Every structure is written in C-alpha cells, then in structure tokens.
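The values are calculated or read from the model by the stated rules, or taken from the named source; none is laboratory data. Computed from a prediction, not measured in an experiment: that's the story for all the values here. FYI the Cβ positions are ideal-geometry reconstructions off the backbone, even for glycines, and counts take in every protein chain you see.
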Amino acid sequence: MENKIYKIDASGEKLGRLASRVASILLGKNRTDFAKNTIAPVKVEVTNASKLNISEKRLDKKVYTSYSGYPGGLIEKKMDKVIADKGYSDVLKRAVYRMIPPNRLRAKIMLNIKITE
C-alpha cells in the first residue's frame with residue numbers, strides 16, 4: 001500500500017483547527033482501514049505556515065514549557081519568541097505533536113508531516 005499525500009494550504013487558517021485536522025489525517029482517522037495500533041500510510045504537506053491566523057493575544061500569552069529534570073530546569077518560552085527563533089513551522093509542529101496520543105508510535109507518525117513556510 002503506497003502513501004497517500006495530502007496537501008494543505010495554511011493561509012488564513014487558525015492554528016488549533018489546522019493542527020487538529022492534520023493530526024486526524026496523520027492518525028488515519030479518515031480512512032476505512034483505521035486502527036489505533038498502526039501508522040497510517042499517509043503523508044501531509046502543509047504550505048504557507050507563515051500565513052497562519054494567530055491573534056496578537058495568543059502570541060503574547062501562549063507559553064511553551066519544558067523541564068530538564070534538574071532543580072531550576074524549567075524552561076518557558078512565549079510563542080512569539082519561538083516563532084522568532086524557529087519559525088511558524090515549529091509552532092504548528094508542536095501543536096500537532098501534542099494532539100497525537102503519547103505512545104511509542106508518536107515519533108514515527110510525526111515523520112510523515114512536512115511543513116513549509
């Protein structure tokens with residue numbers, strides 16, 4: 001079975017709605033042979049990620065956190081800082097990543113997404 005390629009244009013779309021649509025396609029929920037324990041043979045290409053519709057309030061207030069495991073190792077970055085450092089594609093990739101169930105397949109599923117600015 002060969003991979004089906006979905007091409008999505010992100011211009012004017014809200015971040016969360018686009019991310020949930022991409023996550024659903026990556027999981028294979030729109031296919032008739034859907035199974036939770038398999039990786040769907042699909043690839044998703046998202047274009048124009050820099051034209052996402054993100055409000056100014058969201059840019060200022062959304063905070064991404066990570067913890068190293070050491071005392072004082074909490075790292076917090078605002079969305080506008082992440083966009084300045086890594087671009088809109090990283091913000092979309094983080095949103096999709098967190099909408100996929102946290103199991104052993106998540107990292108392999110995330111290899112099937114390609115985001116271009």
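Name the residue that is surrounded by the fewest Cβ atoms within 10 Å (Cβ to Cβ), counting only residues in region 1-41 that are of a type in the set (G, A, S) and in contact with a Gly (Cβ under 9 Å, 6 or more places away or on another chain). Let's see the steps before the verdict.
Kept after step one, since they are of a type in the set (G, A, S), are these residues of region 1-41: 10-12, 16, 19-20, 23-24, 28, 35, 40.
If we keep only those that are in contact with a Gly (Cβ under 9 Å, 6 or more places away or on another chain) too, we end up with 35, 40.
Values: A35: 10, A40: 20.
Filtering region 1-41 for residues that are of a type in the set (G, A, S) and in contact with a Gly (Cβ under 9 Å, 6 or more places away or on another chain), the one surrounded by the fewest Cβ atoms within 10 Å (Cβ to Cβ) comes out as A35.
For region 92-111, the condition of being over 21 Å from K14 (Cβ atoms), of a type outside the set (K, R), in contact with a strand residue (DSSP E or B) (Cβ under 9 Å, 6 or more places away or on another chain) and surrounded by 13 or more Cβ atoms within 10 Å (Cβ to Cβ) holds for none of the residues.
Quick one: which residue in S68, S50, S55 is polar (S, T, N, Q), at pLDDT 95 or above, surrounded by fewer than 15 Cβ atoms within 10 Å (Cβ to Cβ) and over 19 Å from D9 (Cα atoms)? Of S68, S50, S55, the one residue that is polar (S, T, N, Q), at pLDDT 95 or above, surrounded by fewer than 15 Cβ atoms within 10 Å (Cβ to Cβ) and over 19 Å from D9 (Cα atoms) is S68.
So which residues in region 71-89 are more than 30 Å from A35 (Cβ to Cβ) and surrounded by 11 or more Cβ atoms within 10 Å (Cβ to Cβ), if there are any at all? Let's see the steps before the verdict.
Taking region 71-89 first, the residues more than 30 Å from A35 (Cβ to Cβ) are 71-88.
Hits for region 71-89 are K77, K78, M79, D80, K81, V82, I83, K86, G87, Y88.
When region 1-43 is filtered for residues that are free of Cβ contacts under 8 Å to residues at least 24 places away in the same chain and among the acidic types (D, E), only D33 remains.
Rundown of residues vs (1) closer than 18 Å to S89 by Cα; (2) touching a residue at least 40 places away in the same chain (Cβ under 8 Å); (3) touching a helix residue (DSSP H, G or I) at 6+ places or on another chain (Cβ under 9 Å), yes/no style:
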| site | (1), (2), (3) |
| --- | --- |
| E45 | yes, yes, no |
| S50 | yes, yes, yes |
| K57 | no, no, no |
| K61 | no, no, yes |
| Y67 | no, no, no |
| P71 | no, no, no |
| L74 | no, no, no |
